[in-house]
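What follows draws every value from the coordinates through simple rules; no lab data is involved. Worth saying up front: this structure is predicted, and the values here are computed from it rather than measured. Using ideal geometry, Cβ is built from the backbone for each residue, glycine included, and neighbour counts are taken over all protein chains shown.
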Amino acid sequence: MAQATRSTGSSAGSSASLSDDPIENATTWLQSNSKPLLMAVGGVAIAAAAVMVYRSTTASTRAKASAALYEAQTPFVQGKLPEAQKELEKVATRFSGTASGQQAAVLLGQVLYEQNKVDDGIKALEKALASASPEFKSSIEALIAAGYEQKKDMAKAAEHYGKAAAVAPFKTEKYNHQASQARSLMAAGKDADAKKIWEELAKLDGEPIQQEANVRLGEIAAKS
């Protein structure tokens, strides 16, 4: 089950390595500073999406958005969550159409989760989802699912993992979200629905998820 935890030591070290180049800020910061929750649901995918959105906005807007996100990161990596929440809200609202703005929305959701404001985190992510570019939708849906996992609402988590899989821009990301959906369904006692997903994943020769799919199918068969 995904839980939001903090590792401020490693994050602070990574912050110092950021350059003045906005494209580097847009791609490398999330990869090196993502907390465990983000990594669990596709931090690298978020960084890849940031590249796509970055290239679709003007240089001036990109630079301003990247600088604003950089500023908002400081309280975040220092563990000053209420302050980080306030700053990330500003960036997410002002630069909602940019990669940095959407990264800020993702980080805002996590900051709220870490403060045990799970419902607020889900609301913030749903708000961001409404105006998110296609490249970010999958990762945001997965983070919403993680919030429902934190609330122990596994059926709702499965629903959003399914949505994340449906709009995933990358094949491996899609399979990972489908696997998360199936795990959530099993946790919700919906083995029949989970079995259908595992059966499809078990057909993916050469994919890392295939082995787990076969194991899960064995578990479901043993219950029967």
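Residues that are touching a residue at least 40 places away in the same chain (Cβ under 8 Å), closer than 23 Å to ILE197 by Cβ and among the hydrophobic types (A, V, I, L, M, F, W, C) within the stretch 120-163 comprise ALA142, LEU143, ALA145, ALA146, listed in sequence order. Just one of the listed residues (GLU173, GLU207) is within 22 Å of the chain's Cα centre (by Cα), acidic (Asp, Glu) and crowded, with 18+ Cβ neighbours inside 10 Å, namely GLU173.
Here's the yes/no breakdown for (1) out of contact with any Lys or Arg (no Cβ under 6 Å at 6 or more places or on another chain); (2) under 24 Å from GLY218 (Cα atoms); (3) of a type outside the set (S, T, N, Q):
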residue	(1), (2), (3)
GLU89	yes, no, yes
LEU108	yes, no, yes
GLN115	yes, no, no
ASP120	yes, no, yes
PHE136	yes, no, yes
GLY147	yes, no, yes
LYS156	yes, no, yes
ASP193	yes, yes, yes
